[in-house]
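Take a look at the structure below.
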Amino acid sequence: MAGLADERLRLALTGLVERTPHLLDDVIAGDARINHLHIAIDDRCLKLIALQHPVAVDLRIVVSALKINSDLERVGDLAVNCGEAGQRYLLHPPVKPLIDIPRMGELAGKMLREAIDAFVKQDAAPAREVLRQDDWLDALKDQILRELLTYMLGDRATIEPAVELILISRHLERIGDHATNIAEDVIFIVEARDVRHRSTPHALERRRDWQITPI
């Protein structure tokens, strides 16, 4: 399921950058497979809880799998949103060379893959690295917004396509947020600690060493 979600994201970005509408069509059409897996995984997890009565780390794994399943389904939905916004963007001439949005997509995909790898290996160390990268994704989104606002103020014809790029950057930020959720679940599984909220003492580690470049 994570592989499908990551593939949808990569296709959406490729279709946008290369201005290839049929790739964006494929992204939208492929969402049904992720939705099917979402239902199937939920069913398996609930049956495990009902029939096997897991405890301790086993219970944390199953409960986290339910949450991760929902995060991955949302990543698939956000990839579709990127595809739909990309279709609308391609109706207009390019606003500018696309540099930061592909960088955002690369980083969001990297975070997702590393979070899933940490879940499979039940390793909290790479999960913490995912948390640290979230700030870089937010910074890229803010940079894209500032730059596109400059184009919009200078030329009214760029407003509609620039809005679509801003929407895509927001979707990519949300994908990073879901990767962060998965990473937090991995830490919960391995260490039985909840690091979801930055205001808590354990969650402050998310802000440490954020200046380290992730890519």
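Structure notes:
- Of the residues in segment 104-113, none is under 22 Å from residue 7 (Cα atoms) and more than 13 Å from the chain's Cα centre (by Cα).
- Tallying residues that are within 26 Å of residue 67 (Cβ to Cβ) and either touching a strand residue (DSSP E or B) at 6+ places or on another chain (Cβ under 8 Å) or not acidic (Asp, Glu) (or both) within segment 14-44 yields 14.
- Residue 80 among the β-branched types (Val, Ile, Thr) and outside any helix (DSSP H, G or I): no
- Verdict on residue 121 being touching a residue at least 12 places away in the same chain (Cβ under 8 Å), open to solvent by 10 Å² or more (accessible area, probe 1.4 Å) and of a type outside the set (Gly, Ala, Ser): no
- Scan of segment 60-101 for residues that are under 20 Å from residue 135 (Cα atoms) and open to solvent by less than 40 Å² (accessible area, probe 1.4 Å), ordered by number: 71, 75, 78, 100, 101
- Tally of residues being under 20 Å from residue 121 (Cα atoms), in a helix (DSSP H, G or I) and open to solvent by 50 Å² or more (accessible area, probe 1.4 Å) across segment 45-59: 4
- Among (1) crowded, with 17+ Cβ neighbours inside 10 Å; (2) at pLDDT below 95; (3) of a type outside the set (Val, Ile, Thr) - the single one residue 164 does not satisfy: (2)
- Filter result for the condition that a residue is under 12 Å from the mean Cα position of the chain (by Cα), of a type in the set (Lys, Arg) and open to solvent by 30 Å² or more (accessible area, probe 1.4 Å), over 146, 170: 170
The values are calculated or read from the model by the stated rules, or taken from the named source; none is laboratory data. Quantities reported herein were computed from a predicted structural model and do not represent experimental measurements. Cβ coordinates were reconstructed from backbone atoms using ideal geometry, including for glycine residues, and neighbour counts include every protein chain displayed. Note: areas computed on protein heavy atoms with side chains; ligands, DNA, RNA excluded. Shrake-Rupley method; radii C 1.70, N 1.55, O 1.52, S 1.80 Å.
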